[in-house]
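The values are calculated or read from the model by the stated rules, or taken from the named source; none is laboratory data. Values in this document were obtained by computation on a predicted structure and should not be read as measured data. All Cβ positions, even for glycine, are placed from backbone atoms using ideal geometry, and neighbour counts span all protein chains on display. Each accessible area value is taken on the protein alone, full model and side chains, heavy atoms only, with ligands, DNA and RNA left out. Shrake-Rupley method; radii C 1.70, N 1.55, O 1.52, S 1.80 Å.
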Amino acid sequence: AAAERELCGALELAPDAAGLHMVGWLPPRASDRTAAAAARAHGVDVTPLSRYSAVRPKRGALLLGYAAFDYRAIRAGVHALARTLGSQP
């Protein structure tokens, strides 16, 4: 819910009923490796989905892991990611 609320416009979140990760699709032509590096510079560790692809994907995406974090850590990470990606002031 925090990701949907704060990352609106920066990432298109794939439906996720349960699991350890969710995928956030970046706007067309945005580099997932550049976005991941910027997130890391702001203390958020996300994985560019292209890291797992043998061919260049048509659209960049970030793999957002959440299984090892409590609610407060997830909210803080989402907020920092939103600021990094420009969806929050």
Label-point separation (nm) for Leu20 and Asp70, each offset 7 Å from Cα along Cα-to-Cβ? 2.2
Answer with one residue from Thr34, Pro48, Ala73: the one whose Cα lies farthest towards the positive end of the charge dipole of the chain, charges on Cβ with Lys, Arg +1 and Asp, Glu -1. Thr34
Kindly list the residues of segment 60-89 that lie in the label zone of His42, defined by a backbone N under 14 Å from the point 7 Å along the Cα-to-C-beta vector. 75-89
Accessible area of the chain with a 1.4 Å probe: how many percent of it is carbon plus sulfur? 56
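Per residue, how much accessible area does segment 18-89 have with a 1.4 Å probe, in Å²? The partial results should precede the final answer.
On the way: 4760 Å² over 72 residues.
Here the per-residue accessible area is 66 Å².
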Any idea what angle helix 32-41 forms with the longest principal axis of the chain, computed on alpha-carbon atoms, 0 to 90 degrees, nearest 10? 40
Normalised radius of gyration for the chain, please: alpha carbon Rg relative to 2.2 N^0.38 Å, two decimal places. 1.00
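Within the P(r) computed for segment 26-72, what percentage of the Cα pairs occupies the region above 13 Å?
On the way: 617 of 1081 pairs.
Tail fraction, whole percent: 57.
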